[in-house]
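A short reminder: the numbers here are calculations on the coordinates, not readings from a lab. From a predicted model like this one, the values you see are computed outputs, not experimental measurements. Cβ: placed from backbone, ideal geometry, glycine included. Neighbour counts: every protein chain shown.
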Amino acid sequence: MNQKYLYLSLNLLSFFVTLALSFLPKANFAKKWKYVWPAIIASALIFLAGDVFFTTLGIRGFSETYTVGPKILGLPIEEVLFFICIPYASLCIYYILTQFIEKDYLFPHQELISSVIIVALLIAGGYFMHNLYTGITFLVTAGALAVVWMKLRMRFLGRFYFAFVILLVPFLIVHSITTGSFIDEPIVWFDDTENLGVRLGTIPLEDVVFSLLLLLIPLTIWEKLDELRYW
């Protein structure tokens, strides 16, 4: 395979594997597309705005070695597809988990978990605000989680945390490649003066928090759209 197609291949592989799973008889995710796709598109616009901001400032950027070339808003086409393919894959796996594991084991603890995460991210984000990628990622995630929990009163957070832990495995595998594992240079590079410089392998610590936000926002939009149909 031509190395220029690596980032594109990672996106498409993530999407098509979960697309195949979308028609499982007991967990037919395809039946949820009416609200899932608007949620993914809406969240993609939000994340792309942030991505353009960070890229414009030189906080992160992309290798031309592993991207095909065309750009949208200064971002490689693969990066745009990332915010469609990865949320789709994440929501699909989340839904399958909810159908096969009916009990919400973390529901009794979701408020405690949420409060700990929010407080920790607020403190860390405020303290490290001079590292722009760290500060913004932590504070935005804390704010989004606070809104979902305290303002919107969403009741899926127990299942969300359970699914997130499981989703971290494929996320870390894919993102380790995009940040430079097993290849000559990272597909997505970061200016370490704007983050903590702490990495899980090649993955910036901040991107673990970012992955939580990447699932939380489309899931919240999907759940709200699904809820509004009963009004």
### Summary
Ranked on Cβ counts within 10 Å of their own Cβ, fewest leading, Leu10, Leu19 go Leu19, Leu10
### Query
Measuring from label point to label point, each 7 Å out along Cα→Cβ, what is the Leu97 to Leu205 span in nm?
2.3 nm
### Query
222 nm [θ] for the chain, helices only, -39500 (n - 2.57) per DSSP H run of 4+, per residue, to 500?
-21000 deg cm²/dmol
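Listing Ile84, Ile187 from the residue with the fewest other Cβ atoms within 10 Å to the one with the most, what is the order? Walk me through the numbers on the way to the answer.
Values: Ile84 19, Ile187 23.
With the sparsest Cβ surroundings first, the list reads Ile84, Ile187.
Output the Kirkwood hydrodynamic radius of segment 27-74, Cα pairs only, in Å rounded to one decimal. Could you put the intermediate results ahead of the total?
Details: mean 1/r = 0.0764 Å⁻¹.
In segment 27-74 this quantity evaluates to 13.1 Å.
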### Spin-label pair Ile72/Phe53, simplified geometry with 7 Å Cα→Cβ offset, distance in nm
2.0 nm
#### Entry: Given charges at Cβ of Lys, Arg, Asp, Glu: the chain dipole, positive-most of Leu168, Tyr127, Ile217
Ile217
### Task
Post the alpha-carbon centroid distance, segment 89-116 to segment 126-166, in whole angstrom.
15 Å
### Task
Obtain the nm distance between the two label points defined at Leu19 and Met129 by a simple spin-label model: each point lies 7 Å from its Cα along the Cα-to-C-beta direction.
4.4 nm
### Evaluated at q = 0.12, 0.15, 0.16, 0.22 Å⁻¹: base-10 log I(q)/I(0), Debye formula over Cα of segment 1-137
-0.69, -0.99, -1.07, -1.22
### Query
Using the Kyte-Doolittle scale, which helices in the chain average at least 0.0 and also have C-alpha atoms spread 27 Å or more along the helix axis, with helices defined as whole DSSP H runs?
33-56, 77-100, 157-178, 206-228
### Query
Going through segment 179-222, which chymotrypsin sites (Phe, Trp or Tyr not before Pro) have at most 14 other Cβ atoms within 10 Å and a DSSP loop state?
Phe182
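Specify, per residue and in Å³, the volume enclosed by the convex hull of the alpha carbon atoms belonging to segment 139-224.
Values: hull volume 8.6 nm³, N = 86.
Each residue corresponds to 100 Å³ of Cα convex hull volume.
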### Query
Counting only residues 5 or more places away or on other chains, whose amide H sits under 5 Å from the amide H of Leu24 once H atoms are built in the peptide plane?
Phe29
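Could you give the size of the charge dipole of the chain about its Cα centre, using +1 on the Cβ of each K and R and -1 on the Cβ of each D and E, expressed in debye and rounded to the nearest 20?
Values: 15 positive and 17 negative charges, 195 e Å.
It comes to approximately 940 debye.
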### Summary
Over the Cα atoms of segment 3-228 the radius of gyration and the largest Cα-Cα distance (Dmax), both in Å, equal 17.2, 50
